[in-house]
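Below is one structure, written out as structure tokens; comments come after it.
What follows draws every value from the coordinates through simple rules; no lab data is involved. Bear in mind the structure is a predicted one, so any value in this text is a computation, not a measurement. Reconstructed Cβ throughout: ideal geometry from the backbone, glycine too, with neighbour counts over all protein chains shown.
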Amino acid sequence: MSPSFLAPSTPSFAAGVSPPYTAIVEFRRRLLRTLEAMQPVLEEAGVLVVGSEVPNLIEPNAAATLVVSQDVDLAIPVQRLAAVKARLPEVQGLHPSVEEPSVWIPDASDLIEVNFIGMDSTLKDPLEAHVLEDDELPLLVFGALSLVRPGTPVRVEGLTIPVPRLAGLLVEKLLTDRGGEKGDRDLLVALALLVLAREEDLAEIDETYVALVPELRHTICSNLAILSLMESRPGMPDPGPHRARIAALLRRLEGVKEAPG
Amino acid sequence: MRESLEKRVRAARSRAAIRAWEYRQRNHAKGMWHRLRRLLADASAAYALTEPAARELLAEGYPPDPVGERMEPPKILLWATAERLGSIIEKHPIPVRLGADFLTARYVALVRFDDETATSTRNSDGATPQTTL
């Protein structure tokens, strides 16, 4: 792998017309302040920040140059729901939405929305989706999050932020449903993760990929091909300079063989 | 169950059903778009050729890719090296994308990322590994 793809030499994901520097700084500040407010929840074992904010957080010094959404997703292990609920009263500055209690809304504009989703590592089907009923914190449980494993926490500005290992999150993003703005954003987040992937991450991607059913492997390769041909967008990662890397990952995955037996 | 979450579950299940349908279609006509995208994902550059230029390359042993042959009307898509294409005058670069330029061209030469200087006649069915991550 070319060292040029590694994080220390990657000052920013975004190519072309990037958001103004002040906007990036402001968004980073709001993201970190939100995670600071959520520290009681983040301290619970197994809770992870997932979704499009992860590339922002694993950039050097959590630079948050990739502005793809205005909320942050927290994955709650369903087995830890009671413990997480016990910590919610400690959260200051956000409150649950009346219409949808799994979404917490900031009391002021210096924070961003928090979206609680369910994660169940015992699920066998990454396509499964169901609701875990709860009066206080109902969770939409996504089977694809069963591919995610805890990684090394990000430590920035006195915060400890639990994030997933890169490989599982990248595969989860590549299982996104194509089409639409959400699908495109997920693929660009996958690109941001791929840019940061090291050889050990790629080996883990191989392992995760080969364990999937053929239909999902096809989805991953199909989405990589779509990503390769996507046009650049202001403030988003530009697939253009990374097309060779995407092609190499495609060939690598297509060459991965299941272990005999 | 809360209606908002229930709607999202229904949407997720609907998308899963569509994905399964697309997978079953992958070797049929509906799978053509995936095959074209997969082909282009390996290409660092694409050139629209004139028919004589394409015939010249075919005669030299650069084979047409099966993906183009299965289109209707058939399209000649072939892999060539940048070195070889450099000496062909009757060509013009087109975006590596499923756009109008690519779709309307009858004869297209593609350059693989790793074949920008090397010699190769592989097509999309070839299995020879190239740059690896």
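When the trypsin sites (Lys or Arg not before Pro) in the stretch A:111-181 are filtered for DSSP coil states and for at most 15 other beta-carbon atoms within 10 Å of their beta-carbon, the remaining sites are A:K124. Each residue of the stretch A:205-218 was assigned a 3J(HN,Hα) from its phi angle through the Karplus curve 6.51 cos²θ - 1.76 cosθ + 1.60 (θ = phi - 60°); the sequence is 4, 4, 4, 5, 4, 5, 7, 7, 6, x, 4, 6, 4, 4 Hz, with glycine and proline shown as x. Dipole orientation for the stretch B:3-115: of the candidates B:Q25, B:L103, B:P93, B:Q25 has the Cα lying most toward the positive pole (charges on Cβ; Lys, Arg +1; Asp, Glu -1).
Ordering B:E69, A:E204 from the fewest to the most neighbouring beta carbons within 10 Å gives B:E69, A:E204.
Under 26 Å between alpha carbons, and skipping anything fewer than 8 positions from A:K182 in its own chain: which lysines qualify? A:K182 reaches A:K124, A:K173, B:K7, B:K30. Using the alpha-carbon centroid of each, what span in Å lies between the stretch A:32-72 and the stretch A:226-251? Distance between centres, Cα-based: 24 Å.
Counting only Cβ charges, +1 for Lys and Arg and -1 for Asp and Glu, the dipole size of chain A around its Cα centre is about 960 debye.
Counting only DSSP H runs of at least 4 residues, each contributing -39500 (n - 2.57), and dividing by the residue count of chain A, the helix-based mean residue ellipticity at 222 nm comes to -12000 deg cm²/dmol. In terms of surrounding Cβ atoms within a 10 Å radius of their Cβ, A:T22, B:T81, A:T176 rank from fewest to most as A:T22, B:T81, A:T176.
When the square roots of the Cα gyration tensor eigenvalues are ordered a ≥ b ≥ c, the ratio a/c for the stretch A:44-132 is 1.5 or more and a/b does not exceed b/c, which makes its shape oblate.
A Gaussian network model of chain A, with springs between Cα atoms under 10 Å, assigns the largest mean-square fluctuation among A:G46, A:G158, A:G93 to A:G158. Annotation: amide H of B:I94 within the under-5 Å range of B:A46, B:Y47, B:A48, sequence separation 5 or more or interchain, hydrogens built in the peptide plane. Annotation: amide H-H contacts under 5 Å for A:A129 (H modelled 1.01 Å from N, sequence separation of 5 or more, or interchain): A:G143.
Would you please classify the overall shape of the stretch A:3-255 from the alpha carbon gyration tensor, given that a ≥ b ≥ c denote the square roots of the eigenvalues, rounded means a/c under 1.5, and beyond that prolate means a/b larger than b/c while oblate covers the rest? Taking the square roots of the gyration eigenvalues as a ≥ b ≥ c, the stretch A:3-255 is oblate.
Under a model in which nothing but the beta-carbon of Lys, Arg (+1) and Asp, Glu (-1) is charged, the stretch B:36-93 shows a dipole of about 200 debye around its Cα centre. Listed by chain and number, the aspartates and glutamates placed with their C-alpha closer than 14 angstrom to that of B:K91 are B:E51, B:E56, B:E83, B:D101; residues fewer than eight positions away on the same chain are left out.
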